[in-house]
């Protein structure tokens with residue numbers, strides 16, 4: 001059944017479409033932290049961050065259903081829900097970050113952010129880290145070194161090494177090294193035809209293995225950005241909306257204040273909503289230099305879905321739950337690390353955490369293939385997670401924020417079993 | 001009330017955000033072809049094409065509500081609804097157009113189409129018409145001359161004049177002139193560092209005033225495109241999904257077969273869905289050259305919304321209705337033209353039609369400001385339409401496809417009144 005579904009998929013959608021796991025899942029139902037496949041098997045979802053407040057949360061579903069039955073137009077007419085949402089959203093940021101554009105995807109948000117930085121600085125040079133991903137548009141996809149277009153990325157892009165807390169020395173050393181890389185890239189761009197416009201980072205370096213960086217580690221680099229007249233763009237698609245437990249936003253956790261914030265995936269619990277938040281000055285510069293309208297962006301249904309997700313996040317104290325359960329689960333991982341030598345490093349914040357797998361703790365040699373086998377083994381045992389990081393050897397555990405201790409217990413006991421059964425050879 | 005809502009909107013969303021009409025509408029409810037504002041006033045919607053099968057169509061709303069309550073994930077898991085939809089969609093095109101990617105917006109679709117053409121041709125030069133609009137991403141927004149970024153559009157873009165059936169001579173002359181412009185642009189691109197990749201057109205030239213072009217008018221131009229090794233991209237965001245009454249797709253109406261088709265706005269009746277349809281060869285070339293994944297694109301709820309819209313379109317024979325009511329309404333406009341000298345030309349297809357307003361029928365001098373006053377006058381009388389075209393002097397009538405003769409009668413009688421009351425001075 002699954003194989004013929006895969007063949008049909010390739011016939012209709014084309015080749016080279018990635019799926020998760022060696023045996024891809026045909027999911028048919030979701031509820032809270034649970035997913036079911038077509039054969040009725042149940043899976044604990046320890047991976048999906050898009051259903052931020054839980055799969056099919058009834059309040060979000062109701063908000064979508066009710067608004068879809070009432071009105072769905074666009075922002076060339078006026079509508080209160082969008083403004084109610086943007087007001088609450090902006091109130092959660094530093095005072096200067098007070099205006100927003102809603103889009104349909106995080107990619108669209110980053111695509112706008114690049115133009116905002118250009119409008120503000122008159123320059124186009126962008127600095128990003130070397131193993132990140134910021135989205136799929138022509139302009140934004142070039143910012144991923146893992147994803148170079150034919151002919152390579154544009155000459156206006158400079159890649160700097162992402163911090164690596166497991167191998168990169170002390171936090172102070174990491175901060176100094178990152179600032180040096182950024183400063184060098186700024187100088188290089190300023191000497192080019194492009195000039196330096198912005199540093200765009202995920203403030204949690206999520207795709208790069210969420211290195212353990214104390215607040216302030218990035219301060220010197222950000223200071224160099226601002227001294228050079230550039231902007232800091234914080235891509236909050238992954239760490240935002242309370243995912244890190246202690247702070248609503250990744251940049252707040254990192255102790256920096258961005259000039260532009262971009263939002264995506266978890267924003268409306270799966271409804272296609274993204275957004276850009278910035279200052280009145282940057283918004284005015286953007287609107288002065290570029291024409292921008294997004295037909296679906298901020299429409300009444302999208303706004304209702306985003307607002308309901310926001311309300312559930314707060315009303316159900318999910319950030320607090322995220323903090324508590326995340327700490328509990330990481331403690332459990334540390335206990336497993338005493339038993340399983342493959343676990344080289346346990347780290348993370350809130351409900352975005354994991355364990356870096358190594359062939360040898362002393363040499364810290366990445367156990368990349370092993371980590372893949374573990375992710376597949378977990379899937380076969382009914383627990384969904386995945387891997388990421390510079391060497392793709394870090395287990396990525398990032399469940400809906402309604403994940404509870406009992407779910408962490410199931411994940412940990414299953415991981416204990418799978419680690420015990422998976423040969424550590426490569 | 002409306003004024004303070006406008007001020008709040010500017011405070012939260014920033015300056016220069018366009019609204020429709022001098023007195024913007026605060027809409028709160030929609031049903032079929034009707035809209036209501038916060039004060040309870042009812043409006044006949046003769047403008048919105050996004051609610052393709054009628055505002056808040058109960059079958060589409062149910063499909064969204066039911067799927068949102070059941071499962072909403074992404075295409076790295078398998079799901080039948082997306083495949084069911086893509087299969088039916090592709091069956092409506094020429095045989096070679098057999099694979100699709102679903103996105104969230106038409107902008108994303110065009111952004112992909114440009115890369116598909118690059119992957120296929122190894123070149124990047126794009127030809128577009130000079131008053132069109134294809135979307136809002138950094139790459140796609142440059143294709144609009146009305147929308148130039150700072151420093152102007154990229155050197156890889158060539159603009160050719162859009163056909164004008166009211167002023168441009170016979171259909172044969174228009175076809176020859178368009179082919180000559182396209183051939184010249186091809187030669188110019190081929191002599192440049194970019195080479196010629198694709199001609200991207202709305203096959204109905206919707207934004208340019210939907211000139212009246214018999215099938216085959218574009219054949220010589222398209223032949224030149226293919227002879228030069230380039231691709232034809234048909235942007236069906238406006239004319240597609242039966243809008244023209246006689247054909248499901250604008251390119252079928254125009255009598256051409258594109259290499260890539262892009263889809264957007266009406267695809268899921270307001271749910272954020274867009275798409276790209278192409279051949280297996282072009283899809284394979286794209287997947288070979290570029291990495292692309294869209295988190296929300298083709299998710300189960302988006303697929304269910306698109307499938308329900310497609311089913312309603314067919315089950316309720318809305319294309320036939322569109323053909324009938326469109327012809328009836330255009331006949332009514334022609335009757336009005338006997339009475340009102342300002343109507344220089346009545347044209348259109350199905351439920352995308354209008355009347356070009358002129359100060360003088362002989363000189364065909366565009367009555368641009370008059371046309372704007374008429375659109376505002378209609379709004380004040382409870383009928384929503386707008387204007388477009390090279391000179392923004394063409395009334396744009398483009399209602400949901402469930403628009404009936406009685407609605408056309410109301411639109412026509414209101415237009416008769418407003419034309420009689422609006423001074424024809426500029």
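The values are calculated or read from the model by the stated rules, or taken from the named source; none is laboratory data. Just so it is clear, the model here is predicted, and its values are computed rather than measured. Glycine also receives a Cβ, built like all others from the backbone with ideal geometry; neighbour counts cover every protein chain displayed.
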**Message:** Going through A:71, A:97 one at a time, which residue ends up being farther than 28 Å from residue A:379 by Cα, more than 9 Å from chain B (Cβ to nearest Cβ) and crowded, with 24+ Cβ neighbours inside 10 Å?
**Reply:** A:97
**Message:** It is to be established whether one or more residues within region A:50-58 are surrounded by fewer than 17 Cβ atoms within 10 Å (Cβ to Cβ), free of Cβ contacts under 8 Å to residues at least 60 places away in the same chain and facing chain B (nearest Cβ under 9 Å).
**Reply:** yes
**Message:** I'd like the full set of residues that are touching a helix residue (DSSP H, G or I) at 6+ places or on another chain (Cβ under 6 Å) and closer than 13 Å to residue B:262 by Cβ, limited to region B:200-239.
**Reply:** B:203, B:231, B:232, B:233, B:234, B:236, B:237, B:239
**Prompt:** Under 9 Å by Cβ, and 6 or more places apart or on different chains, what pairs join a residue from region A:140-157 that is more than 11 Å from every other protein chain (Cβ to nearest Cβ) with one that is surrounded by fewer than 16 Cβ atoms within 10 Å (Cβ to Cβ) and part of a loop (DSSP other than H, G, I, E, B)?
**Reply:** A:145/A:130; A:155/A:192; A:155/A:193; A:156/A:192; A:156/A:193
**Prompt:** Can you spot a residue in region A:254-277 that is touching a helix residue (DSSP H, G or I) at 6+ places or on another chain (Cβ under 6 Å), more than 26 Å from residue A:73 (Cα to Cα) and within 14 Å of chain B (Cβ to nearest Cβ)?
**Reply:** yes
**Prompt:** residue B:186 is checked against (1) modelled with pLDDT of 95 or more; (2) more than 14 Å from every other protein chain (Cβ to nearest Cβ); (3) over 29 Å from residue B:269 (Cα atoms); (4) part of a loop (DSSP other than H, G, I, E, B) and fails just one. What number does that condition carry?
**Reply:** (4)
**Message:** Restricting to region B:24-42, count the residues that are within 10 Å of chain A (Cβ to nearest Cβ) and either in a strand (DSSP E or B) or without any contact (Cβ under 8 Å) to a residue 40 or more places away in the chain (or both).
**Reply:** 11
**Request:** Answer with yes or no whether residue B:110 is modelled with pLDDT of 95 or more, under 19 Å from residue A:272 (Cβ atoms), facing another protein chain (nearest Cβ under 7 Å) and in contact with a helix residue (DSSP H, G or I) (Cβ under 8 Å, 6 or more places away or on another chain).
**Result:** no
**Request:** Among the numbered conditions (1) over 28 Å from residue A:55 (Cβ atoms); (2) surrounded by 18 or more Cβ atoms within 10 Å (Cβ to Cβ), tell me where residue A:363 comes up short.
**Result:** (2)
**Request:** Quick one: count up the residues across region B:281-291 that are surrounded by fewer than 22 Cβ atoms within 10 Å (Cβ to Cβ) and either closer than 11 Å to residue B:115 by Cα or more than 7 Å from every other protein chain (Cβ to nearest Cβ) (or both).
**Result:** 7
**Prompt:** Hey, residue A:17 hits all of (1) modelled with pLDDT of 95 or more; (2) assigned to a loop (DSSP other than H, G, I, E, B) but one; which does it fall short on?
**Reply:** (1)
**Asked** Name the pairs: first residue in region B:259-271 and within 17 Å of residue B:296 (Cα to Cα), second residue part of a strand (DSSP E or B), Cβ to Cβ under 6 Å, at least 6 apart or on different chains?
**Response** B:263/B:274; B:263/B:275; B:264/B:274
**Fill in**
When restricted to B:198, B:171, B:179, B:148, the only residue modelled with pLDDT under 95 and within 24 Å of the chain's Cα centre (by Cα) is B:148
